[in-house]
1. Report, by residue number, each residue of the range 19-41 that is part of a loop (DSSP other than H, G, I, E, B) and aliphatic (A, V, I, L, M).
2. Name the one entry in LEU91, LEU133 that is part of a strand (DSSP E or B), surrounded by 13 or more Cβ atoms within 10 Å (Cβ to Cβ) and within 10 Å of the chain's Cα centre (by Cα).
3. Filter the range 1-23 down to residues that are out of contact with any Lys or Arg (no Cβ under 9 Å at 6 or more places or on another chain) and open to solvent by less than 30 Å² (accessible area, probe 1.4 Å) and give me whichever is modelled with the lowest pLDDT.
4. I'd like to know if the range 74-83 contains one or more residues that are under 29 Å from PRO15 (Cβ atoms), surrounded by 13 or more Cβ atoms within 10 Å (Cβ to Cβ) and either modelled with pLDDT under 95 or of a type in the set (Asp, Glu) (or both).
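The values are calculated or read from the model by the stated rules, or taken from the named source; none is laboratory data. Just so we're clear, the structure is a prediction, and the values are computed from it rather than from any experiment. Note that we place each Cβ from the backbone using ideal geometry, even for glycine, and neighbour counts take in every protein chain shown. Each accessible area value is taken on the protein alone, full model and side chains, heavy atoms only, with ligands, DNA and RNA left out. Shrake-Rupley method; radii C 1.70, N 1.55, O 1.52, S 1.80 Å.
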Amino acid sequence: MPGIDESLLEAMRLPGARGASVVDWISGLALGAVGDAPGGDAEATAAETAELARLATESGVLALTGGGDTGETTGGSPGAPSDKEPPVQDLIITNADSYHLLRFVTTTFDSTVFVHLWLDRSEGNLALARIRLAEMADRLVLG
C-alpha cells in the first residue's frame, strides 16, 4: 500500500499532470506536494482547494446521496469497522487551459483528506485521470 509520496509520484505519471498534492481540508495544509502548483505556491493552492472541498462536503445539497441523507455510514456487520464515505467523491474544476480534480480519500476514520491533481487540458485525459485517481485514493495509506 503506497503512502503519500508514492501516490503523488504515481499521479504525476498521468498524461498532462502538472502537479499533485494531498491536502487536509480542515486545516488547509498540504500533507505532500509534487510538481508545479497553480500560481507557483503549493501552500496557497492547498488552502484554496481546501476551502472548495470544505464547501462541497458541508453543503446540504451537494452532500445528499440518491437515497437521501440518513447520516449513516455504509459497511458490514455491527461492531465491524466500516469505511466513512465522504459525502462527495470528487470535484472537477475546468478552466481555459487546465483541469483540477479533487478526489476525497475514504478511510476507516473520519477522513478530511483529498488528493488534488492539476492537469494540462491539451495533454490530459480527464476521464482516465478520474479513474486512476480514484484507484490511487483507495490504496493510499495515511500515517
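1. Result: ILE26, LEU29, ALA37.
2. LEU91
3. My answer is GLY3.
4. Within the range 74-83 (the criterion being under 29 Å from PRO15 (Cβ atoms), surrounded by 13 or more Cβ atoms within 10 Å (Cβ to Cβ) and either modelled with pLDDT under 95 or of a type in the set (Asp, Glu) (or both)), the answer is no, since none of the residues qualifies.
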